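Structure, as structure tokens:
Just so you know, all these numbers are worked out from the coordinates, no wet-lab data involved. Bear in mind that the values here come from a model prediction, so they are computed numbers and not experimental data. Cβ atoms come from the backbone with ideal geometry, glycine included; neighbour counts cover every protein chain shown.
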Amino acid sequence: MICKRYVIPFFLAPWLLTGCMEDFNPDVHEEPVAVLNTLVCADSTLWAQVSRSWMLSDPLPDPILSDVEVSYAVNGGAWLPMAYNPERRRYEAGYVAREGDRVEVSAATRYGVVSASASVPRGVVIDSVSSASAVIVDYNSIIAVDEGQFVYGKTLRVYYRVTISDTPGERDYYMVGGNVMMVDPVVDVNDSELDWISSASGFCIFTDRLFDGSSYTLSLQSDHSLTWVYPDRRYVDEIVVCRITADYYRYLASLYKKYGTLRSDLEYYGFMEPVAVFSNVSGGVGIAAGENGVARSFDITKLVVDAASGL
């Protein structure tokens with residue numbers, strides 16, 4: 001799993017610690033570009049968000065475009081209009097996407113016509129789920145000092161093993177989310193950020209490169225502090241496993257490279273070439289992505305309360 005660690009190479013340190021400051025106001029006249037984003041999910045209504053790019057120097061811009069013509073087509077059928085929803089600030093259609101659908105979306109804006117397409121991938125098959133738990137000492141939580149000694153809090157750690165079945169003969173892309181964290185041992189031998197990316201946003205994406213066509217058991221865990229436990233509160237763990245499109249994977253991977261690594265920090269200071277965020281939109285930028293997943297919820301209220309009572 002890729003962990004973000006700030007280590008500045010020694011040969012760059014002098015440049016970061018010393019230097020001259022000078023105001024620089026480039027004469028840049030950047031024309032806005034239309035942005036189209038849509039995520040096509042199985043059993044969900046179609047939606048799309050249309051906006052524009054803006055300069056960082058623009059004062060508090062509102063990039064959302066609410067007055068454009070947006071239409072969609074499913075599996076090569078007729079083009080139908082999408083209506084703007086002011087509460088969600090996006091365009092929506094009454095159609096509910098299904099597995100295997102290929103959806104095209106087009107928007108005619110004053111910055112040009114943008115279009116993109118995405119398909120709904122096959123669903124994920126979860127063969128089995130098992131769990132175990134343990135109470136551990138949380139050395140990041142100091143709850144008291146007793147005679148000069150720190151008293152640390154306790155955490156209930158729940159371990160999950162989720163077995164999925166992969167489709168043979170083709171590259172598949174996965175995303176795992178929910179309120180759990182990936183701690184899979186395959187990370188130790190799959191040390192490429194293009195094959196396995198963990199995000200602080202609460203999801204992990206990976207390919208089936210190491211288990212193509214076979215069953216594979218994912219290792220996940222969740223932590224629940226036992227310092228403050230409320231018996232009238234429900235404690236629920238949720239595990240979401242999705243199969244995503246290749247373009248969605250490339251888009252998320254490019255975001256991680258640009259904003260989630262040491263490379264992004266070096267890019268900010270001008271020591272690396274900028275990373276381009278992946279886009280599959282014609283006539284502009286953005287992403288048209290597809291996903292199909294399954295969610296499992298586990299009520300662990302009794303487990304948490306019993307663990308807290310036993311301290």
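The local environment of PHE298, defined by Cβ-Cβ distances under 9 Å, has a net charge of -2 under the rule Lys, Arg +1 and Asp, Glu -1. Sum up the charges of everything whose Cβ sits under 13 Å from the Cβ of ALA83, counting Lys and Arg as +1 and Asp and Glu as -1, but leave ALA83 out. So the surrounding residues net to -1. For the pair the range 35-100 / the range 102-162, the C-alpha centres are spaced 26 Å from each other. Does the range 31-120 come out rounded, prolate or oblate, given a ≥ b ≥ c as the square roots of the eigenvalues of its C-alpha gyration tensor, rounded meaning a/c under 1.5 and, failing that, prolate meaning a/b above b/c? Prolate. Ordering of 277-286, 243-252, 213-222 by packing is 243-252, 277-286, 213-222, highest average first (other Cβ atoms within 10 Å, averaged per residue).
In the range 31-120, Cα pairs under 8 Å separated by at least six residues give a relative contact order of 33 percent. Take the Cβ atoms of ASN85 and ALA246, set R0 to 22 Å, and the FRET efficiency comes out at 0.15. What does the C-alpha gyration tensor say about the overall shape of the range 40-184? Classify as rounded when a/c is under 1.5, otherwise prolate if a/b is larger than b/c, or oblate. Oblate. Would you mind checking the range 272-308 for residues with the amide N under 20 Å from a putative spin-label position 7 Å along Cα→C-beta of SER44? The answer is 278-281, 286-298, whose backbone nitrogens lie closer than 20 Å to the label point. Over all other residues within a Cβ to Cβ distance under 15 Å of ALA73, the charged ones net out to -1, with Lys and Arg as +1 and Asp and Glu as -1.
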